[in-house]
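S.K.: Have a look at the structure that comes next, please.
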Amino acid sequence: MKNPFEKMPTILLADEIIDKSFRRAEKAASAFNPRGSVVSKARQREELRIRTVSNVIRDNLKKVLDRTPGVSKLPPFYQELLDTLVDKRTFHKALASINWAIKTVRTLEERYVEKIRYSKDPKEIAQLRREFYGRVASVIKDIAENLEYLNKARDVLKDMPVIDLSLPTIVIAGHPNVGKSTLLRKLTNAKPEVASYPFTTKGINVGQFEEHYLKYQVIDTPGLLDRPLSERNEIEKQAILALKHLGKLIIYIFDPSEHCGFPIEEQMHLFEEIYAEFGEFPFIVVLNKIDIADEEKIKKIEEFLRAKGVKPLKISAEKGIGIDELKERVIKIIKPAMEAIARSMGKIEGE
């Protein structure tokens, strides 16, 4: 899976497009050696200028449309992120304005070429070409703000996280320093890939593991599911919504040792908020750092969870304690979805 916007080109601004097309037209006209009468030569030279300006403008604008995915064609996860980062509606309108400009410039090209072919006055022919230049420049200036917006949007969108959307994903949640990245490394047996993510300087951590020819994906999103949702701004809340399109299972980590710096009560509060927000998801709750945690604090969390009908798993990610059992639980929950995907792709035979 690649970032859907990785091929989105650098977008020239309005003045840059106009200058580039006019310069290219003058260069083409200078190298051109038409034949025939004075009027015929004027027609050929000015038609060449008009065609060149039109082609350069339309080629540059069309490149933007060709290399930018349509909003409606994006997977829901990326649609949600797009809306969060750059506003989906504004993005769509900006692309539509480019499409309008391409068609308008093409129409002007044909109209003025036809006028030139009917004119018998070299001065009038030159004037028609200048008039075409003015009309085309006006069209491009009409979309100047949209071009600026898309150029800035590209800088943001090219840093979208790269995640394999074909794999059901396990999302790790919990306060900072409770052992999320350590657990991710233990589950995936690899150094997690750190992909850029717009809401945290740390990036989104992505790892995968394979069991019986089926792949599983695990992610940790520093800065998103590590503090109460009630403290979020609207952009962060929408980013969390994006995770709902991606995740199929939540692993929530408690640190009963409190070495993470957050009291058990705060950890319970965060769990309640995330448990309510992602209520439709299966949860696996783990108590990490049991090798150094106080037994009374472990029991306190267990009683809290028991009241919610949740049975936690005790682990020590650092020491590798309980990791195999955790992986078994993960596979038991995710495997049916994975097998369905594998069957749809013809990788395993249906029953």
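The values are calculated or read from the model by the stated rules, or taken from the named source; none is laboratory data. Nothing here was measured: the structure is a model prediction, and the numbers come from that model. Cβ placement follows ideal geometry from the backbone for every residue including glycine, while neighbour counts extend to all protein chains displayed. Just the protein is used for accessible areas: all its heavy atoms, side chains included, with ligands, DNA and RNA removed. Shrake-Rupley method; radii C 1.70, N 1.55, O 1.52, S 1.80 Å.
S.K.: Within the range 331-338, can one find any residue that is open to solvent by 50 Å² or more (accessible area, probe 1.4 Å) and part of a loop (DSSP other than H, G, I, E, B)?
M.R.: No: the range 331-338 contains no residue that is open to solvent by 50 Å² or more (accessible area, probe 1.4 Å) and part of a loop (DSSP other than H, G, I, E, B).
S.K.: List the pairs whose first member sits in the range 120-146 and is farther than 19 Å from K103 by Cβ, whose second member is open to solvent by 70 Å² or more (accessible area, probe 1.4 Å), and whose Cβ atoms are under 7 Å apart, counting only residues at least 6 apart or on separate chains?
M.R.: Taking only residues 6 or more apart or on different chains, the pairs are P122/V38; L128/K115.
S.K.: OK, next. Name every residue in the range 10-26 that is of a type outside the set (S, T, Y) and part of a helix (DSSP H, G or I), in order of residue number.
M.R.: A14, D15, E16, I17, I18, D19, K20, F22, R23, R24, A25, E26
S.K.: Based on what the data block shows, is I98 free of Cβ contacts under 8 Å to residues at least 60 places away in the same chain and surrounded by 18 or more Cβ atoms within 10 Å (Cβ to Cβ)?
M.R.: Yes.
S.K.: Considering only residues that are open to solvent by 90 Å² or more (accessible area, probe 1.4 Å) and either aliphatic (A, V, I, L, M) or at pLDDT 95 or above (or both), look in the range 128-159 and name the one that is nearest to D87 (Cα to Cα). Steps first, answer last, please.
M.R.: Step one: list which residues in the range 128-159 are open to solvent by 90 Å² or more (accessible area, probe 1.4 Å), which gives 130, 135, 141-142, 145, 152, 158.
After this cut, where a residue has to be either aliphatic (A, V, I, L, M) or at pLDDT 95 or above (or both) as well, the list is 130, 135, 141-142, 145.
Values: R130: 38, R135: 31, K141: 22, D142: 21, E145: 15 Å.
Among those that are open to solvent by 90 Å² or more (accessible area, probe 1.4 Å) and either aliphatic (A, V, I, L, M) or at pLDDT 95 or above (or both), it is E145.
S.K.: Then there is this: Just one of K115, K41 is open to solvent by 60 Å² or more (accessible area, probe 1.4 Å), modelled with pLDDT of 95 or more and either basic (K, R) or within 30 Å of L241 (Cα to Cα) (or both); which is it?
M.R.: After ruling out the rest, the residue left standing is K115.
S.K.: Please give the number of the condition V64 fails out of (1) in contact with a Lys or Arg (Cβ under 7 Å, 6 or more places away or on another chain); (2) at pLDDT 95 or above.
M.R.: Answer for V64: the failing condition is (1).
S.K.: Kindly provide the set of residues from the range 161-174 that are in contact with an Asp or Glu (Cβ under 9 Å, 6 or more places away or on another chain) and buried (at least 21 other Cβ atoms within 10 Å of the Cβ), ordered by number.
M.R.: V171, I172, A173, G174
S.K.: If you don't mind, another one. For the range 213-306, please list each of the helices (runs of 4 or more DSSP H) lying entirely inside it that holds at least 3 residues being modelled with pLDDT under 80 and either under 24 Å from the mean Cα position of the chain (by Cα) or surrounded by 16 or more Cβ atoms within 10 Å (Cβ to Cβ) (or both). Lay out the reasoning, then the answer.
M.R.: Values: elements: 234-246, 264-277, 295-306.
Helices (runs of 4 or more DSSP H) meeting the threshold: 234-246.
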